[in-house]
Structure formats: structure tokens, C-alpha cells
Amino acid sequence: MQELQVIIAFSGFIALLLWGVHMVQTGVQRAFGKTLGLWMGRAMGSLPRAFGTGLVITAAIQSSTATGLMITGFAVTGLVSLVPGLAAMLGANVGTTLIVQALSFNPTALAPGLILVGVWMFRHYAPGRARDLGRAFIGLGLLLLSLNELVTMFEPLKNAPMLGTALDALGDAPVLALIASTALTWASHSSVAVVVLIMSLALHGLADPALAYTLVLGANLGTAINPVLEGGHDDNPASRRLPVGNLGTRVAGCALGMALLPWADPIMHALGSDAAHSVANFHLIFNLAVALCFMPVLRPYARLLRRFLPQRSDPDDPARPRYLDASAREVPAVALGQAAREALRLTDLLRESLQLTQHALLRNDGQAIGRARYLNGVIGQLDQSITTFLATQDQESLSAEDEQYLKLILDFSMNIAHAASVSGMGLLGHASRLHKKHWALDTGQKAELADTLERLQRNLRQAAALFVSADRQVARNLAFEKEYFRSLEAKAAERHLERIKTGLLDAAEIGAFYLEILRDTGGINAYLVNAAAYPILARHGELRPNRLREAD
């Protein structure tokens, strides 16, 4: 019975440790996620900067796996080349050792204060950066408390025969110990938690130095597996170059580490004051050694990866950027022109999506729903590619006019993507509901909706033309379209109320449903106006701060 309680307690504190790491990671990513991503993409220009970027990002979010997936995402879109990406991964692997170094000093006394501050921030602030940082502080406090409890738990286990036998068996089979640690790290998604657990085993004499260092090698190998499994889900082998390359550096480092293991203990003993610090130092020195060995040979290593994982691209894939060329970043005018051309592609795709949506709503076409959803997803992917491409542009090379044009392209692309999102989540959702419930709009509703969707597509063509021409009068005309959609919704709401008053309750549900469709068309039109008309009118000083009349 006592053994069962110990197992349950041990498993619970391990779960608390993993949950603390998860809360820190998600809290930092929610607070600075987009900023971290943009900063990472902008800082990948040279190998030293890429290495430092990977190190700093990982130290902030406490997960080399999350950093690896982020860098892989940049590499898949072609916005980060393979060599800087590999350098950033080496930096990420070193960054996770800094977390272990900090935890090796047992800062448990800070845990209650961190949890107190975190809970206060989480409950006091509205959803936003401050609240997300409070979540990260809570996670850090839970992490420190769980580590302290685990260290305390191992104290009475020094003389446990079963644990000693298991660890002795692993000590006699280093390859098995390496595999076991690799599997545990892969399953937990956290090399930090596994290495800290190894530190606790070493501190209490449950694992001799050779076994502890072997387990650390396995933890480093296990943390490289998740990006390989999660980073590339398509049929293009090139999308797996970066995670496979990182795994290759881990495998080579572990093979060398296993060969040099007999000489590791004297060196670590000289550097560390106790067994726990020796494990943390070995973790740090191993990753630094791997980085120093591979940094000079990253370019030939990248050529080898390109040879065995060739690029396989579908030229007809609409989600593939057609005009974004990384080599054009040196000439801002060319880079901005390419981004603007890619942004115009979004309007072509959105127009096709709206045509399919019209078929789905008016002709109950189920196949059109699936195709339109796919196109809306493509628009979101292209918007992300455009955003990352512009974010990685060297800001020092941009003039004031270039910076203004860059913001204009970003606003246009973002608003078109938001319009596609409203179309996908709103109009296509309504089309699916019509299809599933076998509802039918009446003749007047169908005619009005057809005219509305045609008008929406015409406004989309005007928005695309405005993005190129910046005509002031056309911008005013497009802005006045918002009044048409407001009036349309108001008239439909009046008709709906009249039907309810006259007792036509059967049509009330359809009427409310039709009102939701009109609201979403107005939302899409509002994003089109925000994308193209408002920036021009704001530049000419023709926009009021709000629609409120000044008080008398």
C-alpha cells in the first residue's frame, strides 16, 4: 500500500512539473507569441544571430520543441533558409540548458511569491498580455514546487531495493538506458523535466555519474524527435529538412558522447559542487560541444540534407506563394512590389470563394462548401506568408515611404484574410446549416441575397482596384457601401418582426437565420472597406475619429 502511494505521489508531482512547464510556455507564447515569431523571422539573417535567436526564444518559452516547430514553420514557407534554421536549432538546444542551470540552484523559495503574483495578475487583469504573464508566473511557481517535492520524495528511496535494482540494470546496459530516457523525453515533450528528474536521481545517489550522463544524452535525443513527427505533415520531403537535420546533430552528438563518457565524470566533478550540478553542467557542455562542432559545417550539412530530402512542389498549389522571393529583400522596392502582388492574389481567391459560397447558399451545393472552405484556408496561409515576408525585411533599408507602403500592404492582406475568415466561419457555416436541416429561403430572400452577394463581389473588385490606383473618389464610393449593408439589415429586421407580429412563427426561425447571413455579408464588406478605402481616406484627412456627433 505504501509503495502504491509513493507511485501515485511521484506520478502526480511529475504531472505537476509538466503542467508547470506547459503553463510557462503557453503563457509566454500568448503574451508575446506573434512578437516572438516576427522577431525570430527578422533576426535570422546570419548564423551567429540565428544561433542567438534560437537560444533566447527557447530560454523565454522554456521549450526547445516549441522553438523547433516555430522555426520549422518559417522554413516550410521558404522565409528562412535551411542553414540559419539549423543554426537557430543549435541555439535552441543550448537555450534549454540555461533553464536547467537556473533550476539546479533550487530557487524553491521564490515559488509562493511567483504563484501569488501570478494569481493576482490573472484575476485582476482582463484577457491580454498582463494576464498571460500571470499564467506564466503561476506555471513557474508550480514547476519549482514540484521539483522541490520530487527531491524530497527521493530521500527515503535511497535504500529502496526495487528502484536500485532497476537503475543498476540500466547502468549495466547503457544503450538501454539511452533508449529509455529518449522515450521518456519524447513522451513528455520536455527535456527540462527529464533532466531535472535525472539531477534528483544523481543528487540522492540513486544513479551513478555514468548512468546519469547517459540518461542526459537520451533526453537530448528525445527532444529532437517531436519536431520530426510534428513539423512536416505534407508530401514534400523538403519540409522535413530542418527537423531531420536537428535530429542528425543529436544522433551524432550522442554517439560521440557515449564514446567519450568514461572521461566525462572527472571533468564534471571538477566543475560541479555536487552531483546535480554535474548533471546540469554535462547537459550544457554537451550542447555547446555539438554546436561548436556543427556550426562550421552547417553549409555542407545543409547540402547533404537537400540532396536526400529534395524539394517537391506542386506549381498548381494555390497555397504556395508565387511572387515572394527571399533574394529580393536586398532591394526594398522589389520586395514590397512582390508582397503587393501576392496580396492581390488574395482578392482573386476570395472572389472565387464568394462565388462558391453563393452557389452553396442559393443552390444547396454541398461540394461548393468544401471547395470554398479550402480556398479560405489558403487565403489564411498566404496572409501569414506575406506577413512573415514583410516582417523579415531589413527595417534599416526602408525609407519613410517604404515603411508606409509596407504597413498598407499588411493592413490590406490582414483585412482580406479576416473577410475570408468571416466568410468561412459565417456564410459557409450558414450554408452547411441549410444543407443539413433541409431549409429553404423564400423567393424574395433568395433574390435579395443573390443581389447582395453580387454587390459584395463587385465591392471586392473595387477594393482590389483601389489597392493599385488609390483613387480618392472611388474610395469614398466604396466607404458609402457600408450604409447600404446597414440599411439592408435594418429592413430585413423590420420584415422579420412583422412576420412574428402577424403570427407567422414557422417563418421566424428562417427569418432569424437569414438575418445572420446578412450580418455576415455586412461584416465581410466592412473588412473590404477597411482594407482599401479607409487607408486612402485617412491619408487625405476625410475620416472622423468616430461616428458620434459632438455634444452641444
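Results for (1) farther than 24 Å from Leu324 by Cβ; (2) touching a residue at least 12 places away in the same chain (Cβ under 8 Å), shown as yes or no for each residue.
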{"residue": "Leu390", "(1), (2)": "no, yes"}
{"residue": "Ser413", "(1), (2)": "no, yes"}
{"residue": "Met425", "(1), (2)": "yes, no"}
{"residue": "Leu428", "(1), (2)": "yes, yes"}
{"residue": "Leu441", "(1), (2)": "yes, yes"}
{"residue": "Leu453", "(1), (2)": "yes, yes"}
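Please enumerate the residues belonging to the stretch 108-129 that are without any contact (Cβ under 8 Å) to a residue 12 or more places away in the chain, assigned to a helix (DSSP H, G or I) and farther than 26 Å from Asn148 by Cα. Correct list: Arg123, His124.
A residue that is closer than 30 Å to Arg307 by Cα, among the β-branched types (Val, Ile, Thr) and at pLDDT 70 or above can be found somewhere in the stretch 76-83.
When the residues of the stretch 466-488 are filtered to those that are surrounded by 13 or more Cβ atoms within 10 Å (Cβ to Cβ) and among the acidic types (Asp, Glu), the one that is farthest from Ala343 (Cα to Cα) is Glu481. No other residue among Gly245, Gly218 is modelled with pLDDT of 80 or more, farther than 23 Å from Leu144 by Cβ and more than 24 Å from the chain's Cα centre (by Cα) apart from Gly218. Look at Thr53 and say whether it is within 20 Å of Ala219 (Cα to Cα), among the hydroxyl-bearing types (Ser, Thr, Tyr), assigned by TED's automatic domain parsing to the domain that holds Ala291 and modelled with pLDDT of 75 or more. Answer is no for this residue.
The values are calculated or read from the model by the stated rules, or taken from the named source; none is laboratory data. It should be emphasised that the depicted structure is a prediction, and the values quoted were computed from it without experimental measurement. FYI the Cβ positions are ideal-geometry reconstructions off the backbone, even for glycines, and counts take in every protein chain you see.
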